[in-house]
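What follows is calculated from the coordinates using simple rules that are stated; it is not laboratory data. Because the structure is a prediction, the values reported are computed rather than measured. For neighbour counting, all protein chains shown are included, and Cβ atoms are generated from backbone atoms with ideal geometry for every residue, glycine included.
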Amino acid sequence: MEKRYLGLDVHQMYSVAAAVDARQDVVFKPRKIDSSDLEAWARKMLTPDDAIVIEAMSGCWVMYDMLSQYAGKVIVAHPGHIKMIGASF
């Protein structure tokens, strides 16, 4: 399977996920996932080839532990750094 790079914007009641491949082609556009469905979504959608980034926030390490069961790499990033990287494109 081809490597995918996912971003997960986590909110209290839902998260928004989007993904690109190594060529930066869109794998899937942003989609809203209810918090109660997030682990089932991760189990179904993530693979050991996937790398996923979440923002450092309250409770991010619980999210990290859950996502690490399904994705090959989970990165917790400082929100300001994510914003800076996005602005550089």
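One table, with the values for the structure above:
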{"quantity": "Fully extended contour minus Cα-Cα distance, from SER58 to LYS29, at 0.36 nm per residue", "calculated": "7.9 nm"}
{"quantity": "Net length gained if the chain between ARG43 and SER68 were fully extended (0.36 nm per residue, minus Cα distance)", "calculated": "7.9 nm"}
{"quantity": "Cα-centre dipole for the chain with unit charges at Cβ (Lys and Arg positive, Asp and Glu negative), debye to 20", "calculated": "160"}
{"quantity": "J(HN,Hα) series, region 23-30, from Karplus relation 6.51 cos²θ - 1.76 cosθ + 1.60, nearest Hz, glycine and proline x", "calculated": "8, 6, 7, 5, 8, 8, 6, x"}
{"quantity": "Once exposed loop trypsin sites (Lys or Arg not before Pro) are cut out (DSSP; at most 16 other Cβ, 10 Å), longest piece of the chain", "calculated": "24-89"}
{"quantity": "For ASP49, net neighbour charge (Lys/Arg +1, Asp/Glu -1) across residues whose Cβ lies under 14 Å away", "calculated": "0"}
{"quantity": "(i) 12.4, 34; (ii) 13.5, 49; (iii) 13.3, 41, with the label sought being that of the calculated Rg and Dmax of the Cα atoms in Å", "calculated": "(i)"}
